[in-house]
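Note sheet for the following structure.
The values are calculated or read from the model by the stated rules, or taken from the named source; none is laboratory data. What you see is a predicted model, and the numbers here were worked out from it, not measured in a lab. Please note: Cβ atoms are built from the backbone with ideal geometry, for glycine as well, and neighbour counts cover all protein chains shown.
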């Protein structure tokens, strides 16, 4: 019951969003009726994406799925935003039954979406305000993406430089062995003095 309600809610959310792309019908045609099932094992949820000419219907039955992904929610979410989904499939975190071409077709579909938020917001806010709002958000997201990439690069460079300052593992182990030998020698010396 809960699974079917979730499917209905997702359909009601996703279809108006993807309808904002003026080329949605040709994008859905590229899916050629390929159905993709998702089995989220840690939440006991099953979803099947079934494209038709104008929408992407979501059902709770895996019987219709041409390909099925099975895994934990976090791993599936990482797979969804990854540029290289094969990594998650080869690690064994997620299993795929069926053709990987279906998974790639869905990834291409979602990557190709160009939603016309400006046109949508213009119906409520007017053309000028909608344009300024979308322009501001787009600039903000571009700066965030640039900052994120720069931060990752900075962290990588820092770790590579700092790694050279640390002694190798063998030297650290030898140092601790020498300390232990020194502690043992001091204990022996103390026993001899007391004796």
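Got a number for residues in the range 92-106 being exposed (fewer than 13 other Cβ atoms within 10 Å of the Cβ) and either outside the structural domain of residue 64 (by TED's automatic domain parsing) or in a loop (DSSP other than H, G, I, E, B) (or both)?
Of the residues in that region, 2 qualify.
For (1) surrounded by 15 or more Cβ atoms within 10 Å (Cβ to Cβ); (2) assigned to a strand (DSSP E or B), each residue gets a yes or a no:
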site	(1), (2)
6	yes, no
11	yes, no
15	yes, no
22	no, no
27	yes, no
34	yes, no
38	yes, yes
49	yes, yes
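Kindly establish whether residue 89 is part of a strand (DSSP E or B) and either within 21 Å of the chain's Cα centre (by Cα) or surrounded by 12 or more Cβ atoms within 10 Å (Cβ to Cβ) (or both).
no
Any residue in the range 178-191 that is free of Cβ contacts under 8 Å to residues at least 24 places away in the same chain, touching a helix residue (DSSP H, G or I) at 6+ places or on another chain (Cβ under 8 Å) and either more than 29 Å from residue 36 (Cα to Cα) or in the same structural domain as residue 69 (by TED's automatic domain parsing) (or both)?
no
Checking residue 128 against (1) loosely packed, with under 10 Cβ neighbours inside 10 Å; (2) over 26 Å from residue 16 (Cβ atoms); (3) modelled with pLDDT of 85 or more, which single condition isn't satisfied?
Only one criterion in (1) loosely packed, with under 10 Cβ neighbours inside 10 Å; (2) over 26 Å from residue 16 (Cβ atoms); (3) modelled with pLDDT of 85 or more is unmet by residue 128, namely (2).
Going residue by residue through the range 62-78, is there one that turns out to be outside any helix (DSSP H, G or I) and surrounded by fewer than 13 Cβ atoms within 10 Å (Cβ to Cβ)?
no
Being assigned to a helix (DSSP H, G or I), in contact (Cβ under 8 Å) with a residue 60 or more places away in the chain and within 15 Å of residue 49 (Cβ to Cβ) is the requirement here; does residue 109 meet it?
yes
Output yes when any residue across the range 134-145 is in contact with a helix residue (DSSP H, G or I) (Cβ under 6 Å, 6 or more places away or on another chain) and not assigned by TED's automatic domain parsing to the domain that holds residue 21, and no when none is.
There is at least one residue in the range 134-145 that is in contact with a helix residue (DSSP H, G or I) (Cβ under 6 Å, 6 or more places away or on another chain) and not assigned by TED's automatic domain parsing to the domain that holds residue 21.
Residue by residue, here is whether (1) within 24 Å of residue 19 (Cβ to Cβ); (2) modelled with pLDDT of 85 or more; (3) touching a strand residue (DSSP E or B) at 6+ places or on another chain (Cβ under 8 Å) holds:
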| position | (1), (2), (3) |
| --- | --- |
| 59 | yes, yes, yes |
| 64 | yes, no, yes |
| 91 | no, no, no |
| 121 | yes, no, no |
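Is it fair to say residue 130 is in a helix (DSSP H, G or I), over 21 Å from residue 15 (Cβ atoms) and touching a helix residue (DSSP H, G or I) at 6+ places or on another chain (Cβ under 8 Å)?
In short, yes.
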